[in-house]
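Notes follow the structure.
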Amino acid sequence: MTDYWRLSALRTVELLKSEAVTPLELIDHALQRIEAVNPKVNAMVTLCDERARDHARRLMQKPVARRGLLCGLPFGVKELNDVAGVRTTYGSPIFTDNVPEKSDIMVERLEENGGIVLGMTNTPEFGAGANTFNEVHGETCNPWNVKLNAGGSSGGAAVALATGEVWLATGSDLGGSLRTPAAFCSVVGLRPSPGRVPAGPGELRFDTLAVDGPMARDVADTALMLDAMAGWHIDIPISYPAPEEPFLATALKRLKPRRVAFCLDPAALPIEAEVKALCRAALEKLAGAGIAVEEATPDFSGVGNAFQTLRAADYAATMRPLLNRHRDKLKPDVIWNAEKGLALTAEEIGKAHLRRSRLYADMVRFFERYDLLVLPAAPILPRDIKERWPREIAGETLDNYVEWLKLAALITMTSCPVLSLPCGFSPDGRPMGLQIVGKPRGEGALLSHAMLFEEILGVRDAVPIDPKG
């Protein structure tokens, strides 16, 4: 019997289109794989197998040509996005019994494009934090060593991909929530430009800090999923149409960038020496393959603090009702972030917006010389799962759970698309990735360059794996 879980999403879709396998058969294969490995890692927290089979049967009544881009491929949904008829808790005991009547826009679009929701992937409470654990579903373990954390807040998605439980998974990203777990689990995650992937709608329809995006095992699969997610939606005012050429078609060109900038310590942020060494080795490999690489960076001074201000303002806006009614059930970090936002002055928020605006202008000028900016995807390698957030990095003490996310937050503040690409492993087997930042709304070129990098670095086939440890 074919181990379909080992195949790429792109190859599996080809088999679906040729009718060498049916969506119903893939659902059964995926459920068998989940049963075999999920107890060791806790990535998939709620399954909806009968809902998935009902959707598969409806799809199979259509001609193959009308089954959409994904043609019946099962995928996982991060438990921050509603799925109609499926328990969706957002990782919070406040919503333990929540069953939405309507799906998130992003979920609806993926289903319209032939994706089949197989279940929900684990996330920290309301996505707050970069270690995936909550009081409803517990901890998600890193598949490379189950004693380590998998990153967050899209940790369940990254682990489900790395262990072959699903072929594709949705992620979301405010301060690295999509990029950090991709790096920690050796999979690919794309934080697209704000508005590229319509989702929600949430309460902040004009928000440009938090975005949703695709996660997969390689760049081509990521591009395929982005094609199935992207485009304008009337309910999302910042959304815009997909490009004429599909992202996958552009990615497959494997375009060579004209010039690449790299920075291993932006804004003098603390980063572990092992992380820098892995990223430097990857960059040397790219340079050895003929990629023009040079050290350069935009001015990121003050951007991390501006991010903390804008993040806190958003938390104050969205979390105050829950803070008033359910304070006793909220994660302490969520309370801290909301109260930080409520204490901000108009002047502080205004200065943060101005700093972000100047950064965007700097990025536009920066990309006149460079096609890409490359930097580490995270400042640390995966650590003990019981360490909820790092109190120290490279000798520097951190005083709150957001501080260690500043490396990813710098790029969030640019509004540029960024892809987390696996780049290698530490001597003790812990994964790391590169953040590859593209030009504003330049997802197509970014994916194309990343696909070339992926082939040069040679880490693509490291997953899927059986959990270790």
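The values are calculated or read from the model by the stated rules, or taken from the named source; none is laboratory data. What you are looking at is a predicted structure, and each value in this text was computed from that prediction instead of being measured. Because the Cβ atoms are built from the backbone with ideal geometry, glycine has one as well, and the counts that use them run over all protein chains shown. Each accessible area value is taken on the protein alone, full model and side chains, heavy atoms only, with ligands, DNA and RNA left out. Shrake-Rupley method; radii C 1.70, N 1.55, O 1.52, S 1.80 Å.
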### Query
Which fully enclosed strands (runs of 3 or more DSSP E) of the range 353-462 have 1 or more residues being free of Cβ contacts under 8 Å to residues at least 40 places away in the same chain, aromatic (Phe, Trp, Tyr) and open to solvent by 20 Å² or more (accessible area, probe 1.4 Å)?
none
### Message
Given the criterion of a type in the set (S, T, N, Q) and in contact with a strand residue (DSSP E or B) (Cβ under 7 Å, 6 or more places away or on another chain), identify the matching residue among SER193, SER172.
### Response
SER172
### Message
So ALA150 passes all but one of these: (1) of a type in the set (A, V, I, L, M); (2) within 29 Å of ALA242 (Cα to Cα); (3) open to solvent by less than 10 Å² (accessible area, probe 1.4 Å). Which condition number does it fail?
### Response
(2)
### Query
Taking the range 63-99 on its own, how many of its residues are open to solvent by 10 Å² or more (accessible area, probe 1.4 Å), within 20 Å of PHE247 (Cβ to Cβ) and in contact with a Pro (Cβ under 8 Å, 6 or more places away or on another chain)?
0
#### Entry: Residue that is farthest from THR22 (Cα to Cα) [pool: residues in the range 100-134 that are among the hydroxyl-bearing types (Ser, Thr, Tyr) and out of contact with any Pro (no Cβ under 6 Å at 6 or more places or on another chain)]
THR123
### Summary
Apart from one, (1) modelled with pLDDT of 95 or more; (2) in contact with a helix residue (DSSP H, G or I) (Cβ under 8 Å, 6 or more places away or on another chain); (3) surrounded by 14 or more Cβ atoms within 10 Å (Cβ to Cβ); (4) not basic (Lys, Arg) all hold for ASP265; the odd one out is (1)
### Message
Based on this model, can you work out whether ASP314 counts as in contact with a helix residue (DSSP H, G or I) (Cβ under 9 Å, 6 or more places away or on another chain), in contact (Cβ under 8 Å) with a residue 40 or more places away in the chain and surrounded by fewer than 14 Cβ atoms within 10 Å (Cβ to Cβ)?
### Response
no
### Message
Take the residues in the range 168-225 that are among the acidic types (Asp, Glu) and modelled with pLDDT of 95 or more; name whichever of them is surrounded by the most Cβ atoms within 10 Å (Cβ to Cβ).
### Response
ASP173
### Message
I'm checking my understanding of the structure. Among residues of the range 326-352 that are at pLDDT 95 or above, farther than 21 Å from SER415 by Cβ and out of contact with any helix residue (DSSP H, G or I) (no Cβ under 8 Å at 6 or more places or on another chain), which one is most open to solvent (accessible area, probe 1.4 Å)?
### Response
GLU347
### Summary
Among ARG196, ARG217, the single one that is charged (D, E, K, R) and more than 30 Å from LYS386 (Cβ to Cβ) is ARG196
## Note on the structure
Here the qualifying pairs (Cβ atoms under 8 Å; residues six or more apart or on different chains; first in the range 50-76 and over 16 Å from HIS29 (Cβ atoms); second open to solvent by 70 Å² or more (accessible area, probe 1.4 Å) and not in a helix (DSSP H, G or I)) come out as VAL64/GLU19
### Message
Six or more apart or on different chains, Cβ atoms under 7 Å: show the pairs whose first residue is in the range 265-284 and under 17 Å from THR180 (Cβ atoms) and whose second is open to solvent by 60 Å² or more (accessible area, probe 1.4 Å) and at pLDDT 95 or above.
### Response
PRO266/THR297; PRO270/ALA394; PRO270/GLU396; ILE271/ALA394; GLU272/ALA394
#### Entry: LEU322 open to solvent by less than 50 Å² (accessible area, probe 1.4 Å), touching a helix residue (DSSP H, G or I) at 6+ places or on another chain (Cβ under 8 Å) and in contact (Cβ under 8 Å) with a residue 60 or more places away in the chain
yes
### Message
With more than 19 Å from VAL374 (Cβ to Cβ) and under 23 Å from the mean Cα position of the chain (by Cα) as the only criterion, which of GLY200, GLY213, GLY302 stands out?
### Response
GLY200
### Query
Got a sec? Which of ARG217, ARG259 is among the charged types (D, E, K, R) and more than 22 Å from GLY424 (Cα to Cα)?
ARG259
### Summary
Given the conditions (1) touching a Phe, Trp or Tyr at 6+ places or on another chain (Cβ under 9 Å); (2) of a type outside the set (Asp, Glu); (3) buried (at least 24 other Cβ atoms within 10 Å of the Cβ), every one holds for VAL136 apart from (3)
### Query
Residue check: is LYS468 of a type in the set (D, E, K, R), touching a Gly at 6+ places or on another chain (Cβ under 9 Å) and either at pLDDT below 95 or surrounded by 23 or more Cβ atoms within 10 Å (Cβ to Cβ) (or both)?
no
### Matching helices (runs of 4 or more DSSP H) fully within the range 1-67 where at least 3 residues are more than 28 Å from THR140 (Cβ to Cβ)
9-17, 49-60
